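Data block below; observations after.
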Amino acid sequence: MENFTPYSALAGGVLLGISASLLLLFNGRIAGISGILSGVFTTSNSAEKVWRLLFLLGMVVAGFTYQLLFPDSFVEREDFPLSLLLIGAFIVGFGTRMGGGCTSGHGVCGIGRLSKRSIIATVVFMTSGVATVYVIRHVFGAVL
């Protein structure tokens, strides 16, 4: 964990908590990114689409802004197979659908609301992630 930065991690967590709380307070909506993105394509209500698109746009703009302000925080991966990235994205998307949400919805918002379903889903997400890293690094010997 040579890149662990507690202050930026704390700041990121505080910003996530504030944004999730504000969305719930003002819109009555859970800040689950998979649900927000899905709603862009499934809802016919224009106002509903607008806030969802603005929320997603804000995430992208914030990421680019952070990269512009702190360029040394980002290290580009070289020689990383695009096929693995696409397979991983598909598996994450499939798991998100199967789990009825993603880590932001279940982990950040659901646990904060003491939802049993979200607590179980988050435990499953985290256990699966730990097991995957263990198998890839220690069984297959790969360092990604």
Highest to lowest packing among 109-115, 44-50, scored as the average C-beta count within 10 Å
109-115, 44-50
Rounded, prolate or oblate: pick one for the chain, where a ≥ b ≥ c are the square roots of the eigenvalues of its C-alpha gyration tensor, a/c under 1.5 means rounded, and failing that, prolate if a/b is larger than b/c, else oblate.
prolate
When the charge dipole of the chain is computed with +1 at the Cβ of Lys and Arg and -1 at the Cβ of Asp and Glu, the Cα pointing farthest to the positive end, of 118, 54, 68, is that of 118
Ranked from highest to lowest mean number of other Cβ atoms within 10 Å per residue, what is the order of the peptides 135-141, 20-26, 98-104?
98-104, 20-26, 135-141
Could you grab the relative contact order for the chain? Cα pairs under 8 Å, six or more apart, rounded to a whole percent.
23
For segment 1-77, what is the charge dipole size about the Cα centre, in debye to the nearest 20, if Lys and Arg each add +1 at the Cβ and Asp and Glu each add -1 at the Cβ?
320
In Hz, Karplus ³J(HN,Hα) per residue of segment 14-24 (6.51, -1.76, 1.60; θ = phi - 60°; x = Gly, Pro):
5, 5, 4, x, 5, 5, 5, 5, 5, 5, 5
Quick check for me: using +1 on Lys/Arg Cβ and -1 on Asp/Glu Cβ, what's the dipole size of segment 19-144 about its Cα centre, in debye to the nearest 20?
620
Simple label model, 7 Å out from Cα along Cβ direction - residue 116 to residue 137, nm:
3.5
Report the Cα centroid-to-centroid distance between segment 76-144 and segment 1-61 in angstrom, as an integer.
18
Work out the length of the dipole vector of segment 77-144 about its Cα centre, built from +1 on the beta-carbon of each Lys and Arg and -1 on the beta-carbon of each Asp and Glu, and round it to the nearest 20 debye.
380
Given the convex hull over the Cα atoms of segment 1-75, what projected area results after averaging over all orientations, in nm²?
6.2
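No value in this document is a laboratory result; all are computed from the given coordinates. Nothing here was measured: the structure is a model prediction, and the numbers come from that model. Counting neighbours? That spans all protein chains shown, and the Cβs are built from the backbone with ideal geometry, glycine included.
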